[in-house]
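**Student:** Mind having a look at this structure? Questions to follow.
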Amino acid sequence: MSVSQPSSPPVREAPENNPFEAMLARFDLAAAKLELDEGLYKILQTPERELKVAIPIQLEDGSIQVYDGWRVQHNSAMGPCKGGIRYSPYVNVDEVRALAAWMTWKCAVVAVPFGGAKGGVCCNVRDLSQREIERITRRYTSGIIDIIGPDRDVPAPDMYTNEQVMAWIMDTYSMHTRGIHTGVVTGKPWGLGGSMGRREATGRGLLTMVREASRVKKLDLAKATVVVQGSGNVGGTIASLLHEIGVRIKAISDIDGGIVNESGLDIPSLLAHIEKHRTLDGFEGGELVSNEELLHMPCEILVPCAAENQITSENADRLNCQIIVEGANGPTTAGADAILDAMDIFVIPDILANAGGVVVSYFEWCQDRMGYFWEERDVNTRLHKSMQKAFRQVYRRTRKHSVNMRTAAYMEGIDRVAYYQKLRGLYP
Ligand code: NAD
């Protein structure tokens, strides 16, 4: 493998809302700081494999619809690829590429022995029956079956997919391969090889991040207010965990808008409302607010847990918080980074902040391989230790190299993957 000196990183002039370009912009910055070898630079910025599949389905009304699906494996130097599957009407290959690469760096930052991958199916689950979602899931799984597996690539839930979808993937894979292969996916229901604590893991990891960030910023959590964008698995869990320890959640949203209550929302009632109605709409414990307004509300901690490209060069200067903990993947564009730095907002980046999900996915994969299942307390204790250690390592890098938390996290991740990539060398 080449050990030549790095050339200067190329200047990128891509659209701000392209998530893969946003990933590459941060990658370039960190690679330059690390003085990454030029050969490794080329390998690590290029996805290893991209598979596009057509998913023809018969809908309940008898008509045929064909959906697009992708699985992208970014890098497998550290182990089998790992990453969620998202069902969204907006998903495209660049988004899946970015999400796959973020998984590579994320696994490395929290030192789990996986590479990075991601999958997506372009569909709107709101318009589909359970039976239709099951058909899409089974056909998508059969389309990507040759490249997934417990030792190859292990999917998990992401936006608009859940434990049920993982159970269908596990069943489809097992039927095709004539065996029971629980380790082919994580985030499965408990009893089908799922782990205690996996559903809450990403939110629970965010809680460790909120505590660590408050500690270094000397913020008294008991007096702080928090705004959460998104109220699904990640947003709902972090809101609930913070509420449990007495932190005031001032506002929360879903895709249709948000709800605000200056004295603090009743999170258990709000989540019960969402569980019943599948929307925040109609909850009476606060005032309505738009998603854009929600981002600009004064608070100490903002926790974006919805989609990409929410904090951009257009709106970053209107934010009114001290700390951002990125529950979502890619909620901040590369163009917004410098603005947030100038405003002295302490940002815990996605590849560190939301890594709790993949940490417990790793625990689940281990439990499936052992056939021995842990108690929830053990899962949560180990998760907290992994997240705390990762935060402290990244924070030390910020001090050592005078960079922000995002660049430090990319440096941590890239450094580790590059080390293993170099050890493995080039095949053939
Ligand atoms: P989810 O489907 O359970 O919930 C998504 C939430 O975001 C919903 O409340 C939805 O209404 C809202 N939303 C969607 N688009 C929005 C928009 N444009 N504006 C405002 N709100 C919007 O999904 P999730 O699993 O909670 O994932 C949320 C984010 O966290 C995604 O970026 C995902 O990649 C990331 N993430 C999830 C996990 C996990 O374990 N589920 C792990 C790491 C990162």
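The values are calculated or read from the model by the stated rules, or taken from the named source; none is laboratory data. What you see is a predicted model, and the numbers here were worked out from it, not measured in a lab. Here Cβ is always computed from backbone atoms with ideal geometry, including for glycine, and neighbour counts include all displayed protein chains. These accessible areas exclude ligands, DNA and RNA; they are computed on the full protein's heavy atoms, side chains included. Shrake-Rupley method; radii C 1.70, N 1.55, O 1.52, S 1.80 Å.
**Student:** Expressed in whole Å with the largest first, what are the equivalent ellipsoid semi-axes of the stretch 37-93 derived from the C-alpha gyration tensor as the square root of 5 times each eigenvalue?
**Tutor:** For the stretch 37-93, the semi-axes come out at 33, 11, 9 Å.
**Student:** Now, a different point. Add +1 for every Lys or Arg and -1 for every Asp or Glu among the other residues with Cβ under 12 Å from the Cβ of residue 256, and state the total. Don't skip to the end; give the middle numbers.
**Tutor:** Numbers: positive: 126, 278; negative: 254, 281.
Charge balance near residue 256 sits at 0.
**Student:** Related question: Out of the stretch 257-324, which trypsin sites (Lys or Arg not before Pro) are coil in DSSP terms and have no more than 11 other C-beta atoms within 10 Å?
**Tutor:** 278
**Student:** Something else about it: With respect to the cross-link table entries 42/389; 52/82; 118/400; 82/217; 33/188, which display a Cα-Cα separation exceeding 28 Å?
**Tutor:** In this structure, 42/389; 118/400; 82/217; 33/188 lie more than 28 Å apart at Cα.
**Student:** Dipole size in debye (nearest 20) for the stretch 284-428 around its Cα centre, Lys and Arg Cβ +1, Asp and Glu Cβ -1? All intermediate terms of the calculation are to be shown ahead of the outcome.
**Tutor:** Values: 15 positive and 20 negative charges, 264 e Å.
My answer is approximately 1260 debye.
**Student:** Okay, next question. Around residue 83, what is the net charge, scoring Lys/Arg as +1 and Asp/Glu as -1 over all other residues with Cβ under 12 Å from its Cβ?
**Tutor:** Surrounding charge for residue 83 is +4.
**Student:** Still on this structure, please answer the following. At most 11 other Cβ atoms within 10 Å and a DSSP loop assignment: could you name the GluC sites (Glu not before Pro) in the stretch 270-346 that fit?
**Tutor:** In loop regions of the stretch 270-346 (DSSP not H, G, I, E or B), the sparsely surrounded GluC sites (Glu not before Pro) are 284.
**Student:** Hey, if you put +1 on the Cβ of every Lys and Arg and -1 on every Asp and Glu Cβ in the chain, which of 174, 408, 421 ends up farthest toward the positive end of that dipole?
**Tutor:** The residue sitting most towards the positive pole is 421.
**Student:** Still on this structure, please answer the following. I'd like to check one number: the per residue accessible area of the chain, probe 1.4 Å, reported in Å² as a whole number.
**Tutor:** I get 43 Å² per residue for the chain.
**Student:** Between residue 277 and residue 59, what is the label-point separation in nm under the 7 Å Cα-to-beta-carbon projection?
**Tutor:** Output for this residue pair reads 2.7 nm.
**Student:** Here is a further query. Out of the stretch 351-392, which GluC sites (Glu not before Pro) are coil in DSSP terms and have no more than 16 other C-beta atoms within 10 Å?
**Tutor:** When the GluC sites (Glu not before Pro) of the stretch 351-392 are filtered for loop state and at most 16 Cβ neighbours within 10 Å, 375 remain.
**Student:** Over 10 Å intervals from 0, what percent of Cα-Cα pairs in the stretch 133-181 sits in each interval?
**Tutor:** The calculated distribution, bin by bin, is 26, 64, 11.
**Student:** Separate question: Roughly how big is the stretch 47-182's charge dipole about its Cα centre, with Cβ charges of +1 (Lys, Arg) and -1 (Asp, Glu), in debye to the nearest 20?
**Tutor:** Dipole about the Cα centre, nearest 20: 260 debye.
**Student:** Follow-up question, since we're still on this one. Just add up the charged neighbours of residue 343: K/R +1, D/E -1, any other residue whose Cβ is under 12 Å from the Cβ of residue 343. If you can, show how the numbers build up before the last one.
**Tutor:** Working: positive: 318; negative: 317, 337, 341, 344.
Computed value for this residue: -3.
**Student:** While we're on this one: Which value, to two decimals, describes the C-alpha radius of gyration of the stretch 222-372 once divided by 2.2 N^0.38 Å? Intermediate results must be reported in sequence, preceding the final value.
**Tutor:** Values: Rg = 16.0 Å, N = 151, 2.2 N^0.38 = 14.8 Å.
Rg over 2.2 N^0.38 Å, computed on Cα atoms: 1.08.
**Student:** Right, next: Before anything else, pin down the relative contact order of the stretch 107-244: Cα pairs under 8 Å, at least 6 apart, normalised by residue count, whole percent.
**Tutor:** Relative contact order of the stretch 107-244: 16 percent.
**Student:** Taking Cα atoms of the stretch 340-424, Rg/Rh with Kirkwood Rh, to two decimals?
**Tutor:** So for the stretch 340-424, dividing Rg by the Kirkwood Rh gives 1.07.
**Student:** A further question on this structure: Using square roots of five times the C-alpha gyration tensor eigenvalues, list the equivalent-ellipsoid semi-axes of the stretch 80-121 in whole Å, biggest first.
**Tutor:** Details: eigenvalues 84, 15, 9 Å².
So the three semi-axes of the stretch 80-121 are 20, 9, 7 Å.
**Student:** Now, a different point. Answer with one residue from 195, 77, 121: the one whose Cα lies farthest towards the positive end of the charge dipole of the chain, charges on Cβ with Lys, Arg +1 and Asp, Glu -1.
**Tutor:** Checking the options against the dipole of the chain, the answer is 77.
**Student:** Take the Cα coordinates of the stretch 47-182, assign each an equal point scatterer, and use the Debye formula without solvent to give log10 I(q)/I(0) at q = 0.14, 0.19 Å⁻¹.
**Tutor:** Treating every Cα as an identical point scatterer, log10 I(q)/I(0) equals -0.58, -1.05.
**Student:** To the nearest 20 debye, what charge dipole does the chain have about its Cα centre, counting +1 at the Cβ of each Lys and Arg and -1 at the Cβ of each Asp and Glu?
**Tutor:** That gives a dipole near 1720 debye.
**Student:** Same structure, new question: Once neighbouring chains are kept in place and the probe is 1.4 Å, which whole percent of the accessible area of the stretch 92-137 is contributed by carbon and sulfur? Mind showing how you got there, number by number?
**Tutor:** Working: 540 of 1210 Å².
Carbon with sulfur: 45 percent of the solvent-accessible area.
**Student:** In bins 10 Å wide, starting from 0, what share of all Cα pairs of the chain does each bin hold, as a percent?
**Tutor:** Each 10 Å bin holds this share of Cα pairs: 5, 23, 33, 27, 11, 2, 0.
**Student:** When only Cα pairs under 8 Å and 6 or more residues apart are kept, what is the percent relative contact order across the chain?
**Tutor:** 17
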